[in-house]
Amino acid sequence: MTPKNYYELLELTPQAAADEIKRAFRAQIAKYHPDKVQHLGKEFQAMAADRAAELTEAYRILSDANRRAEYDRAFAEGGMHAQAAASAPSGASAAAPASPSPPTAPPPPEGAARATGPQFRQERATRDEFVRKATMGRLRTALEAVGGYAESEARGFDIALVPKKKLFSSTTNPRLLGRFVGTVDRDAVADTWAQAARWAGTDDACVLLMGTSLAPAGDLATEIGDQRRKHGRAGGGKLVLIPVDARDWEARMPLDAPPVAKTLLARLRSGT
């Protein structure tokens, strides 16, 4: 069993300075605060609590010069007890005096040098999949409560819905699409817009692009504007894309968002 790489857990390199470790810990632990995951169901809440405990232990070790030196030494040697050795109270090893703590960590073992190794990528992929499933579960529940839609399919999207036709009514809701990505940024907007436009054809459509991390509002607004101009739909329907923070359902709501999207997101934010 390979000891857990606490640098990868905090998305740091082993050469990180003490203030970088503190900033990384605060940024990571905030993602798993109970208020951030209360809408995601008990399964993910339990996973978030476990990850928060791991992050806290990583910070406890890496923020202490003696524990960090012992951990780095054991990990570099490929030992099986890096975590156990580092977890011991400072000064607990009486057999041999600890060497002076280096200002930075020693060079990492090959294959574990950066916070982009396979173990980190696998853990992040697993976390994102849990969040995606929990987010889509909440969205489906809210959609059922809102009603008026039938399931469809759209390549590249987690949810695709078409409005049910109503007798004696000329008002039609737009098609709805839902997609979860790790980070809602300009690339995600561009890719999602292109796929949604192909699927919607000449019908109106609204896309909820959800993620646990969002690029600055200005960047997203610029990209959405660029996509509107690039994919002008002469004679076709209107496409609206709404970036949504899956942690709390706060949305960058455009002025032309359809009423059904506003109702849906209000329901999600309220937890009803």
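The values are calculated or read from the model by the stated rules, or taken from the named source; none is laboratory data. From a predicted model like this one, the values you see are computed outputs, not experimental measurements. Quick reminder, even Gly has a Cβ in these numbers, built from the backbone with ideal geometry, and neighbours come from all protein chains shown. SASA here: full protein model, heavy atoms, side chains in, ligands and nucleic acids out. Shrake-Rupley method; radii C 1.70, N 1.55, O 1.52, S 1.80 Å.
In the stretch 140-254, one over the average inverse separation of all distinct C-alpha pairs is 14.6 Å, which is the Kirkwood hydrodynamic radius. Straight-line cross-link reach from K36 at under 18 Å between alpha-carbon atoms covers these lysines, not counting any fewer than eight positions away in the same chain: K133.
Quick check: at a probe of 1.4 Å, how many percent of the accessible area of the stretch 157-270 sits on carbon and sulfur atoms? The C+S portion of the solvent-accessible surface of the stretch 157-270 is 50 percent.
When each of the peptides 182-194, 61-73 is scored by the mean number of other C-beta atoms lying within 10 Å of its residues, the order from highest to lowest reads 61-73, 182-194.
From most to least packed by mean Cβ count within 10 Å, the peptides 11-19, 146-154 give 11-19, 146-154. Taking all protein chains into account, the per residue accessible area for the stretch 133-270 stands at 50 Å² (1.4 Å probe).
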